[in-house]
1. PRE reach from Q74 (point 7 Å along Cα→Cβ): which of region 90-124 fall under 17 Å by backbone N?
2. What residues of region 1-37 lie in the reach of a label at Q55, counting those whose backbone N is under 12 Å from a point 7 Å from the Cα along Cα→Cβ?
3. Return the Rg/Rh value of region 9-56, two decimal places, where both radii are evaluated on C-alpha atoms and Rh is the Kirkwood radius.
4. Return one number: the angle in degrees, 0 to 90 and rounded to the nearest 10, between the long axis of the Cα atoms of helix 66-83 and the longest principal axis of the Cα atoms of the chain.
5. Using the alpha-carbon atoms, what tilt in degrees (0 to 90, nearest 10) does helix 135-144 show relative to the longest principal axis of the chain?
6. Counting other Cβ atoms within 10 Å of each Cβ, which trypsin sites (Lys or Arg not before Pro) in region 1-65 have at most 11 and sit in a DSSP loop?
7. Got a sec to turn the phi values of region 10-19 into Karplus ³J(HN,Hα) couplings, 6.51 cos²θ - 1.76 cosθ + 1.60 with θ = phi - 60°, whole Hz, x for Gly and Pro?
8. Leaving ligands, DNA and RNA out of it, work out the accessible area of L181 with a 1.4 Å probe and give it in Å² to the nearest 10.
Amino acid sequence: MFFSFLADRYVAGTCPDPACKYVDARGDQCDKCGKLINAVELVEPKCQICRSTPQIRKSEHLFLDLPTLSPDVQSWFQNSSKTGHWTNTASAITEAWLKKGLEARCITRDLKWGTPVPLEGYTDKVFYVWFDAPIGYISITANYTDEWEKWWKQPDQVSLFQFMAKDNVPFHSVIFPACLLGTQDNYTVVNNLSGIDYLNYEDSKFSKSRGIGVFGDHA
Ligand SMILES: [Zn+2]
Ligand SMILES: [Zn+2]
């Protein structure tokens, strides 16, 4: 029998939040209520590829220790949201996360596609996309210029603006700032965060991954 670990979004099921219960929540996030989910919390999970019920298998993973980083994130956010430009949506989502208390988050996956983990014992795994994608902002700059540190390690000289839909806010307002602050290496952390509500298409959220909307290659 064929066996492999499924990527988060290849597991779909009912949102575990009793107030939501959306039937097509994904293994990393519910697109209806926006809650971040661990795939094992989904009610009646189904494999998105073959529609069978996935089994839970044990595997060792790396986690971000967000509880330890929480005080640093709190004080950074208080200052950034006061001195910079944050939309109400972005501030409200971040405040809700911090108020609820941060939990350790798994940042590795048993997948072939992705950035391999450069740590002995974990080299057959890759990083979870929302751990490594924001690092891309820095590495793209470093590919462009050797002077990347002028942008990314001079927070007194740079004001960083980021724009996104509201479901991506926690990755940019909590998790990535926690990583940067955790390095204690004086990185530039977002100063202005524009988190916006979804644009709807015929009563559903526009979604590239779900094929809802009008796309340039189909127009
Ligand atoms: Zn939900
Ligand atoms: Zn399957």
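1. Inside the label zone: 94-104.
2. Of the residues in region 1-37, 1-5 have backbone N under 12 Å from the label point off Q55.
3. 0.93
4. Between helix and principal axis, roughly 60 degrees.
5. Here the helix axis deviates by roughly 60 degrees.
6. Values: sites: R9, K21, R26, K32, K35, K46, R51, R57, K58; in loops: K21, K32, K35, R51, R57, K58.
Passing sites in region 1-65 are R51, R57, K58.
7. Whole-Hz 3J(HN,Hα) from phi for region 10-19: 8, 10, 10, x, 8, 4, x, 6, x, 7.
8. About 50 Å², rounded to the nearest 10.
The values are calculated or read from the model by the stated rules, or taken from the named source; none is laboratory data. Just so you know, these numbers come straight off a predicted model, no measurement behind them. Don't worry about glycine lacking a Cβ; one is built from the backbone with ideal geometry, like all the others, and counts go over all protein chains shown. For accessibility, only protein heavy atoms count, side chains too; no ligands or nucleic acids. Shrake-Rupley method; radii C 1.70, N 1.55, O 1.52, S 1.80 Å.
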